[in-house]
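**Q** Below you will find the structure I want to go over with you.
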Amino acid sequence: NLSKIDASPVANGFTGEVASMAMYGRGLTPAEVAARHQRGEAAELDGEVAWWPLDQATGSSAPDISGSALNASLVNMDNSDWVDDGDRRVLDFDGIDDHLSLGAVGSIPDIQDKDRFVISLDFKATGVSRQQGLYSAGNNVIRIDGGNIVAQLRDVNNNTSLFRGSKTLVADQWYELK
């Protein structure tokens, strides 16, 4: 799997809920980030490569409603992992072996070899003190580590950069990562 929410290559898988995930083939302006919160399913942002709202009630796949048909497969998950969170359905991850397989995302022409693209993830972690993976693709990892978001990114020259968010996460609170 080229891209997934799982335990690899960090020590632990994600424990908590995910409400939505999207990928864009370019950076987004602050106005576009705000517009994303206010749009309906039919609205589309320029550059959107894939969008998985993760709001269905059952099933072993999560449809991509962007028009790219990049449906995600639920791995080690079943209908009991679709749970209610207030007024919406979300996916519940156990931190052991649950993950979404996005399949061939790494070969999508819209993001392959780009120096800039955006991953958007709406999540609520059950705990934030232990290291747990949110996203991985090859040697690029986004994780929760010590209460912060940490991104470990490798460029085309195989140089690794580590970025740590300045906001301290609180358990059981919703966040939107971009």
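Read the figures in this text as sums done on the coordinates, not as results from a lab. None of these values were measured; they are calculated from a predicted model. With ideal geometry, Cβ positions are generated from the backbone for all residues, glycine too; neighbour counts draw on all protein chains shown.
**Q** When the Karplus curve 6.51 cos²θ - 1.76 cosθ + 1.60 is applied with θ = phi - 60°, which whole-Hz ³J(HN,Hα) does each residue of region 88-94 get, with x for Gly and Pro?
**A** With the stated coefficients, region 88-94 comes to 9, 9, 9, 9, 9, 9, 8 Hz.
**Q** While we're on this one: Under a 5 Å amide H to amide H cut-off, with H placed in plane at 1.01 Å, what residues pair with GLN131 once short-range neighbours are removed?
**A** Amide H neighbours of GLN131, under 5 Å, 5+ apart: GLY146.
**Q** What is the packing order of peptides 161-172, 80-91, 59-70, 122-133, taking the mean over residues of other C-beta atoms within 10 Å and listing the highest first?
**A** Those peptides, ordered most packed to least, come out 122-133, 59-70, 80-91, 161-172.
**Q** Now for a different question. Just to check I understand the Karplus step: with θ = phi - 60° and J = 6.51 cos²θ - 1.76 cosθ + 1.60, what whole-Hz values come out for region 75-83, glycine and proline as x?
**A** For region 75-83, the Karplus-derived couplings read 10, 6, 10, 9, 4, 6, 7, 8, 10 Hz, x marking Gly and Pro.
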